[in-house]
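Below is one structure, written out as structure tokens; comments come after it.
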Amino acid sequence: MVAIVVAILVAIMVKSASEQPVLAYASIEGEDVLLRPVLATDADAAYPLIHERPEVLDWLVWQGPDTVDVLRDAYGQWIKSSDNGHDYQFAVIETRTGAFAGTICLRFVDHPFVGDIGYWLGRPFWGSGLMTEAVFLVGHLAVSRLAAKKLFAEVFLGNDRSCRVLEKNGYERSADSHPRVIEGRPDREEWAYELARERYLELADGRAGRIETTVRLAP
């Protein structure tokens, strides 16, 4: 009986994931930030920003690339798809200079219509407001084009910069959130933050008109 119930739930999840719009391409530009699909050629700019950079890696589950070729392979496909959903990875570009500054991911795998975001920003770009805007832009894409009902992010305890980025975008610590140990990082615990679709739309009112979005949906 248990096996039958599990099979039904999985089938519902797969069906729900397939009903959510799927991106074939997307770029979103705000005032200071352009988000576009990450490219293998971004590895050359990204590598010195993240390789053996504890100020960045200490706050990620990922321990970073050993070589630039590893990063090229990782960036060679900006969409990772499965029957249970899709994972999109965007380059964060500083529009003033055209410089690659970091990445931001939007993931729906195993939780259709609920977007999980994750991001990192190279230290030279800290304090510039780029990631605060990038989080807003990816939220706009998730809500306006991918029918997201909620967005969430998980942040290691002590990562005050990331907490501020989320809070500036209206994210709040989940009411039932408790610090939990991360698989692969027993030295770390994290909090969960979330933002409901309705709250995003309320906070974004008046800003959407200043966003340039180019989107192609998969057939």
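The values are calculated or read from the model by the stated rules, or taken from the named source; none is laboratory data. The shown structure was predicted, so the numbers you read here are calculated from the model rather than taken from an experiment. Every residue, glycine as well, gets a Cβ built from its backbone with ideal geometry; the counts of neighbours run over all protein chains shown.
Here are the numbers for this structure:
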| quantity | calculated |
| --- | --- |
| Pairs, first closer than 16 Å to I79 by Cα in segment 203-219, second of a type outside the set (S, T, N, Q) and surrounded by 10 or more Cβ atoms within 10 Å (Cβ to Cβ), C-beta under 6 Å, six or more apart | V215/A26; V215/R145; R216/A24; R216/Y25; L217/P21; A218/V22; A218/A24 |
| Whichever residue in segment 168-183 is among the charged types (D, E, K, R) and closer than 19 Å to L60 by Cα and, among such residues, is modelled with the lowest pLDDT | R180 |
| Residue check, A142 at pLDDT 95 or above, in a loop (DSSP other than H, G, I, E, B) and surrounded by 22 or more Cβ atoms within 10 Å (Cβ to Cβ) | no |
| Residues of segment 122-145 satisfying the condition of being closer than 23 Å to P48 by Cα, touching a helix residue (DSSP H, G or I) at 6+ places or on another chain (Cβ under 6 Å) and touching a residue at least 40 places away in the same chain (Cβ under 8 Å) | G122, R123 |
| Test for R53: is it more than 29 Å from R210 (Cα to Cα), surrounded by fewer than 19 Cβ atoms within 10 Å (Cβ to Cβ) and either of a type outside the set (A, V, I, L, M) or out of contact with any helix residue (DSSP H, G or I) (no Cβ under 7 Å at 6 or more places or on another chain) (or both) | yes |
| Output for segment 146-157, where each listed residue is touching a residue at least 40 places away in the same chain (Cβ under 8 Å) and in a loop (DSSP other than H, G, I, E, B) | L146, A147, A148, K149 |
